[in-house]
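To start, the structure under review is shown below, and the notes come after it.
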Amino acid sequence: MNRRSLIQSVGFATLLSGLRARALEQSGRKTRLYRLENLYLRQGEQGNRINQFLSSQMPLLTKHIPALGVFTELIGPHIPTTVVLSGFSSFDEMEAADDRIQKDSGYRSALEQMESGAEPPYDYADRVLLRATDFSPEIVPLKEKPKTPRIFELRTYHSPTERQLRLVHERFAGAEIAIFHRSGVHPIFYSDTLIGPHMPNLTYMMPFASLADREKAWDAFGADPEWVKVRAESVARGGQIVDQTNFRILRPAAFSPIQ
């Protein structure tokens with residue numbers, strides 16, 4: 001992987017025409033695409049170097065990226081990992097943002113400084129491209145930064161088939177989201193994976209004040225009588241429409257716009 005493409009889009013040439021056509025149908029400021037970038041680190045100074053680079057470039061990045069969050073993985077398959085979430089209204093907007101960022105002289109200088117030295121700033125990276133569902137909300141920044149950093153859960157539901165993923169959408173858009181909210185689960189976006197592992201799947205992200213609050217909310221959701229009924233009905237209709245659940249617990253960096 002070319003390390004100079006840290007914030008650059010994945011070259012999904014085969015998706016360009018379809019995504020651009022879809023983007024032209026959209027109006028307003030609605031976020032349609034999310035990009036997840038995972039930077040896999042080793043124990044040591046890599047995390048500090050990544051944070052120094054990203055924090056120094058935050059004015060530039062927020063100028064061109066409408067929705068942006070930087071997180072450290074607390075619970076997940078690889079620790080330490082830095083996760084960068086970017087949101088765009090279209091593929092064209094994502095391409096244009098990447099191009100402007102890459103051409104900025106201050107960015108190039110800071111990138112060169114981060115990459116100097118014998119040890120690389122990260123060991124390897126991957127990216128996932130997500131498309132917001134029709135029922136996904138917009139990410140709304142907090143008016144004030146929380147005194148105690150929140151945690152964010154990134155949860156992925158894998159479905160065996162595309163048909164069963166559509167049934168997951170129907171369940172979410174029906175009763176499930178309302179049950180989420182009254183249980184204390186408030187996702188900031190819902191999305192389908194366009195390019196990434198374990199497809200087809202639905203990926204969504206939600207904040208909690210603490211790990212204890214997370215556990216309390218999920219316990220309330222699991223015990224909700226309507227949820228028990230809705231889940232049983234969906235299984236009877238489509239089988240196990242979610243056959244695997246993966247989750248990661250993230251904490252926003254101090255400089256992350258999403259807090």
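Scanning the stretch 132-147 for residues that are under 30 Å from residue 212 (Cβ atoms) and open to solvent by 100 Å² or more (accessible area, probe 1.4 Å) yields a count of 5. Within the stretch 188-210, the set of residues being β-branched (Val, Ile, Thr) and surrounded by fewer than 17 Cβ atoms within 10 Å (Cβ to Cβ) comprises 195 only.
In the list 178, 173, which residue meets the criterion of being aliphatic (A, V, I, L, M), open to solvent by 50 Å² or more (accessible area, probe 1.4 Å), touching a residue at least 12 places away in the same chain (Cβ under 8 Å) and in contact with an Asp or Glu (Cβ under 9 Å, 6 or more places away or on another chain)?
Answer to the check: 173.
May I ask you to say which residue of 167, 129 is closer than 28 Å to residue 255 by Cα, in contact (Cβ under 8 Å) with a residue 40 or more places away in the chain and crowded, with 17+ Cβ neighbours inside 10 Å? Just one listed residue meets the conditions, 129. Taking the criterion of being under 15 Å from the mean Cα position of the chain (by Cα) and free of Cβ contacts under 8 Å to residues at least 24 places away in the same chain, the only residue of the stretch 181-210 that qualifies is 186.
Of the candidates 185, 228, the single residue that is loosely packed, with under 13 Cβ neighbours inside 10 Å, at negative phi and β-branched (Val, Ile, Thr) is 228. Screening the stretch 137-243 for strands (runs of 3 or more DSSP E) wholly inside it with 1 or more residues that are farther than 27 Å from residue 88 by Cα and among the aliphatic types (A, V, I, L, M) returns no ranges. Being outside any helix (DSSP H, G or I), of a type in the set (Ser, Thr, Tyr) and either modelled with pLDDT under 95 or surrounded by 14 or more Cβ atoms within 10 Å (Cβ to Cβ) (or both) is the requirement here; does residue 122 meet it? Yes, satisfied. Cβ separations smaller than 6 Å between residues 6+ apart or across chains give the following pairs from the stretch 51-67 residues that are closer than 17 Å to residue 96 by Cα to residues that are β-branched (Val, Ile, Thr) and not in a strand (DSSP E or B): 64/101; 67/31; 67/139.
A single member of 155, 150 is among the basic types (Lys, Arg), open to solvent by 40 Å² or more (accessible area, probe 1.4 Å) and under 30 Å from residue 66 (Cβ atoms), and it is 150.
The values are calculated or read from the model by the stated rules, or taken from the named source; none is laboratory data. Just so you know, these numbers come straight off a predicted model, no measurement behind them. Cβ atoms come from the backbone with ideal geometry, glycine included; neighbour counts cover every protein chain shown. What goes into the accessible areas is simple: the full protein's heavy atoms, side chains included, and nothing from ligands, DNA or RNA. Shrake-Rupley method; radii C 1.70, N 1.55, O 1.52, S 1.80 Å.
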